[in-house]
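Okay, so here's the structure we're looking at.
The values are calculated or read from the model by the stated rules, or taken from the named source; none is laboratory data. None of these values were measured; they are calculated from a predicted model. Here the Cβ is made from the backbone with ideal geometry for all residues, glycine too, and neighbour counts use every protein chain on show. What goes into the accessible areas is simple: the full protein's heavy atoms, side chains included, and nothing from ligands, DNA or RNA. Shrake-Rupley method; radii C 1.70, N 1.55, O 1.52, S 1.80 Å.
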Amino acid sequence: LHATLWKGSECWVVWCVRRVGVGVAVRRGQEIVVVRKSAASSVYAEAANRYAPCQQQQPQPFQMESAGFSEAAVIEAALQRANALVNEDLQSILATVCSIPAYSASNSDDAIPLTRCGVDGILDGMRAHASSLGVQSMGCEALVLLTTQRARSEASISIDGVKTVCNSLRTHPSSAAVCKFASWLIASQTLRLTDPASLASACSSWGNVVEVLIGSLGAQEASADTVEEGLRAVCALCITSADWSTAFMQGEGVNLLARLNKLHAERRSLTLSILQTLLALSPHLCNNNKAPLAFTAALQLCHQIIQGNSRESEVVRLGLQALHGLARSPAAAQAVVATLRSADGDKAWPTLLAIGKRLDAASDHSRLLCLLHILMLFDEPFRDDVVLSSGQDFVLTSMHVHSHTAFVQEFGAWCLYSSMISAAQSELASALWEVRVASAATQAAAEHKMDGDVQTAVLLVLLCLALRPSGPQAVMQLRGVDVAVDAMHSHIARPFLQQCGCALLRLLATDESSRVVILDKGGADLLRVVQTRYSRAIGAASEAVSRQAMQALRMFEPSVQASEADPCAGLMGQCVVS
């Protein structure tokens, strides 16, 4: 493009911009005036005639940069009066923005910077032409291009601007372009709502944005690309606000996910998007009193996806996360087990075992063990199934392979605890099994001495072993006293850990030789310290620790006055709460 400078009393510059954009831009001094194509010839003629006396001077080339007359400045000048432009002209300007290569390259360092005025101008034009599908679709696309540039970090959209985008989606739900670009804008701006005030403002301003998205995705469910972008917006909304999650659950949201999974079962990226949506909903779905049908449908959908993609490790991993998120209460855990049973011939454990065999990462094993522990704790028949199917072997193997991962050790110990309170375990337990369990627990404690959660779970496992007829001997052989004393020393401020430690020392001090070992390790002195510390504290937890310490001290000092209550009374109930 080329411009010419006429010298005279005033300086006029005529610049022919792209044919698809503004016809002519005229600069009077520091002011840029945008003229429609129809007026271009008359403006050019006026400028030529006005400066005819100066024609004896040869026209000089005009450099855009030196005059500060850039392409972005022309576009901004047009957009500043976008709400006054007719539909055709506004669409031409938006098409220009969308067609510039520098804008289309999301990471281009040569991108032409548009200031905030450009974004606001587009939004003004969209408000003025709300019924025009062309303006709305190109406006949303232009906003996506402008707000994704590194060079234009200042060109963001306000909450009120997103309201305009939501209205565009509400007015044109059947447009694939509007749905795709509006969803992207909603998702990106939702994730910026980091403070309660802005979140409250967005919830008030955007209205029923979730219902609008559900309706638009339902209209576009055959287009996988559009649906994926829409689900990204749904995830962002559900993660950000419980109200938006509830709206999705109580509407047709979960049923929509099931239809999308059926229509696009072969598209892996969309399957992952569906699971990510379920994962975002899981903290609210697990409270199935709000939407029991949605909760059940989500469970079934999650299980179907896992079964249908059993060879896709990433899908299985994300499906496991979603199941774990859904099983966050006793009722929810029992519902998860019921869903697994109904689909797998009345056996739920084989499904989880098959999942576990496909997972390699320590983080995946820790999540699976946590889910397994929750299901075993809250569903007794499932717990017995795991025990009868040698589920402890899988747990012990995971703890051995991932010995350096604290979460695997913690949840693995909780699974061992859950198996030991099973009625079926009392029939299957053997001395060899007790040694294996005690060995895994003591190794976990030695590897993660400063992790209080691991130490608590380990002490609980050793305590359950010590309650068995031959258990104390296995615990003593594998230095269970050292584990208890070290854990109690290192985590003196953890009441429940201290309770488990005191009860374990009491159960291990069954004969003179055991008492001598405990005394040599400083166990009796530690019990006095714990009893003194917690007897001065106020609260039910402190009183319980003090009682446990007093009962343990009686094994070494018969003169100590303590109740005859079971040293483990109440501990099992507290384990469930923990």
statement: So residue 511 and residue 211, fully extended at 0.36 nm per residue minus their Cα-Cα distance, gain in nm 101.1 nm
message: Give me the one-decimal nm value for the distance between modelled label points at residue 80 and residue 117, 7 Å along each residue's Cα-to-Cβ direction.
response: 0.3
Expected-Rg normalisation [2.2 N^0.38 Å, Cα atoms] applied to segment 430-526: 0.96
message: How far apart, in nanometres, would the label points at residue 223 and residue 557 be if each is projected 7 angstrom from Cα along the Cα-to-Cβ direction?
response: 7.9
- prompt: Expressed in nm to one decimal, what extension gain is obtained for the pair residue 470 and residue 87 from 0.36 nm per residue of sequence separation less their Cα-Cα distance?
  reply: 129.2 nm
query: What list of ³J(HN,Hα) values in whole Hz, one per residue of segment 216-233 in order, does the Karplus curve 6.51 cos²θ - 1.76 cosθ + 1.60 (θ = phi - 60°) give from phi, with Gly and Pro shown as x?
result: 5, 5, x, 6, 10, 5, 6, 9, 5, 4, 5, 5, 4, 5, x, 5, 4, 5
field: Residue-normalised accessible area of segment 263-422, given per residue in Å² at a 1.4 Å probe
entry: 38
message: Need the C-alpha centroid separation for segment 424-488 versus segment 170-230, integer Å.
response: 52
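Determine Rg/Rh for segment 344-483; Rg is computed over alpha-carbon atoms and Rh is the Kirkwood hydrodynamic estimate from the same atoms. Don't skip to the answer; put the middle values down first.
Working: Rg = 14.1 Å, Rh = 14.8 Å.
Computed over Cα atoms, the ratio is 0.95.
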message: I want to check the label-to-label distance for residue 268 and residue 192. Put each point 7 Å from Cα in the C-beta direction and report it in nm to one decimal.
response: 3.4
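Please give the contour-minus-distance gain from residue 542 to residue 493: 0.36 nm per residue of separation, less the Cα-Cα distance, rounded to one decimal in nm. Numbers along the way, then the final one.
On the way: separation 49, 0.36 × 49 = 17.64 nm, distance 1.01 nm.
This chain segment gains 16.6 nm when fully extended.
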- prompt: What FRET efficiency would be calculated for the residue pair residue 520, residue 432, taking the C-beta separation as r and a Förster radius of 41 Å, to the nearest 0.05?
  reply: 0.90
